[in-house]
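Here's the structure we're looking at; comments come further down.
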Amino acid sequence: MKLRLVIFALVLGVGLLGFAGNATADGIPAGWSCTGGCGSSGADGNVTLSPTGNSSFQWVSTNGGPNGGGVLPTGGLGLEMNGSVLNSPVFTATAGQALNFYFNYVTSDGANSTTNFADYAWVELYNSSNNPVALLFTARTAPSGSIVPGFGLPAPLATLTPASVPIISNAPNGPNWSPLGSDSGRCFGPGCGYTGWVNSNYIIPTAGDYHVSFGTVNWIDDLFNSGLAIDGLSVGGVPVGPGPNEPPPTGTPEPGTLMLLGVAVPTLLLLRRKA
């Protein structure tokens, strides 16, 4: 058993700006922005290329995420510690168009129960006023059973295929994936692993300008990282934003600042967890 002393400090409304901070050497495509740990990569460890056939994908990880970052914008749970957010370029959609993407949730942090160390990830659609429009996806660490959608989180509005997903275990080791940093290959279990690629499909009800944010967060403590791989973001079958080696379209604005307010949580927890 490993003794871990976690002191929760008072966190007051932290404004997280959409800049390409802490991205890896591979970077993120032009027009995308990041707060925390984000990047692009090809097949890496247990994370294969997506069904799109693309040669690389984007990712966001709690590794490198600031304190108070990555909190679910609609229905945060409290006790979120640190995390990261990756933002797509702004795009224009007409009513009835389908918004599609693939995701793969990867976590080295299992859970003793549904109340301990249950990290989570989410995807949210925003309008041109930077207001949340629709929660498209959630995943959350659990010791067994489906982790998509994430338990205890608001229900996503997108259609997920498959509709529910259990974790794919790499026991006795954790998932091998570079964005997890030093936690790649490590496991606090049960519950560590990856989902494999899942498709999200959402019909946009109203014409307008939008962007999509992808977030992941450590819950209760900041140990054992989690992340989200994303690929194939498209609207009406047209990819959103330029590719990794292309400049952004003329006149395409950056997503606005995402203001994520931390919850004041002064408390002291003395927790024992397996290494």
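The values are calculated or read from the model by the stated rules, or taken from the named source; none is laboratory data. Quick caveat, the model's predicted, so the values are computed rather than measured. Please note: Cβ atoms are built from the backbone with ideal geometry, for glycine as well, and neighbour counts cover all protein chains shown.
Restricted to segment 1-27, and to residues that are exposed (fewer than 12 other Cβ atoms within 10 Å of the Cβ) and not in a loop (DSSP other than H, G, I, E, B), which residue is modelled with the lowest pLDDT?
The qualifying residue modelled with the lowest pLDDT is I7.
Working carefully through the options A30, A95, find the one that is modelled with pLDDT of 95 or more, in a loop (DSSP other than H, G, I, E, B), over 15 Å from I230 (Cβ atoms) and of a type in the set (A, V, I, L, M). Lay out the reasoning, then the answer.
Numbers: A30 fails: modelled with pLDDT of 95 or more.
It is A95.
Among the listed residues G196, G256, G262, G215, which satisfies the condition of being closer than 23 Å to F117 by Cβ and at pLDDT below 85? Before the answer, list the steps.
Working: G196 fails: at pLDDT below 85; G256 fails: closer than 23 Å to F117 by Cβ; G215 fails: at pLDDT below 85.
Only one candidate qualifies: G262.
What about L79, is it on the phi > 0 side of the Ramachandran plot and surrounded by fewer than 23 Cβ atoms within 10 Å (Cβ to Cβ)? Break it down into steps so the answer makes sense when it comes.
Details: on the phi > 0 side of the Ramachandran plot: yes; surrounded by fewer than 23 Cβ atoms within 10 Å (Cβ to Cβ): yes.
In short, yes.
How many residues, within segment 129-153, are under 18 Å from L228 (Cα atoms), in contact with a strand residue (DSSP E or B) (Cβ under 8 Å, 6 or more places away or on another chain), surrounded by 20 or more Cβ atoms within 10 Å (Cβ to Cβ) and hydrophobic (A, V, I, L, M, F, W, C)?
Step one: of segment 129-153, the residues under 18 Å from L228 (Cα atoms) are 135-142, 146-151, 153.
Retained after the next criterion (residues that are in contact with a strand residue (DSSP E or B) (Cβ under 8 Å, 6 or more places away or on another chain)): 135-141, 146-151, 153.
Still in the list and also surrounded by 20 or more Cβ atoms within 10 Å (Cβ to Cβ): 135-141, 147-150, 153.
Of the ones still in play, those that are also hydrophobic (A, V, I, L, M, F, W, C) are 135-137, 139, 147-148, 153.
Within segment 129-153, residues that are under 18 Å from L228 (Cα atoms), in contact with a strand residue (DSSP E or B) (Cβ under 8 Å, 6 or more places away or on another chain), surrounded by 20 or more Cβ atoms within 10 Å (Cβ to Cβ) and hydrophobic (A, V, I, L, M, F, W, C) number 7.
Anything in segment 122-172 that is over 15 Å from the mean Cα position of the chain (by Cα) and of a type in the set (V, I, T)? List them, or say none.
Listed by number, the residues that qualify are V133, T159, T161, V165, I167, I168.
Quick one: what pairs do we get from segment 173-189, first residue at pLDDT 95 or above, second surrounded by fewer than 20 Cβ atoms within 10 Å (Cβ to Cβ) and β-branched (V, I, T), C-beta under 8 Å, 6+ apart or different chains?
P179/T24
So which of F151, F137 is at pLDDT below 95 and within 21 Å of L233 (Cβ to Cβ)? Explain how you work it out, then say what you get.
Details: F151 fails: within 21 Å of L233 (Cβ to Cβ).
One residue alone meets the criteria, F137.
Given the conditions (1) touching a Gly at 6+ places or on another chain (Cβ under 6 Å); (2) surrounded by fewer than 17 Cβ atoms within 10 Å (Cβ to Cβ), which single one is not true for G237?
Only one criterion in (1) touching a Gly at 6+ places or on another chain (Cβ under 6 Å); (2) surrounded by fewer than 17 Cβ atoms within 10 Å (Cβ to Cβ) is unmet by G237, namely (1).
Any idea which of (1) over 13 Å from the mean Cα position of the chain (by Cα); (2) closer than 20 Å to I168 by Cβ; (3) crowded, with 19+ Cβ neighbours inside 10 Å is the one D119 doesn't satisfy?
(1)
What tally of residues in segment 168-221 results from selecting those that are out of contact with any Cys (no Cβ under 6 Å at 6 or more places or on another chain), part of a loop (DSSP other than H, G, I, E, B) and of a type outside the set (S, T, N, Q)?
Number satisfying all stated conditions: 18.
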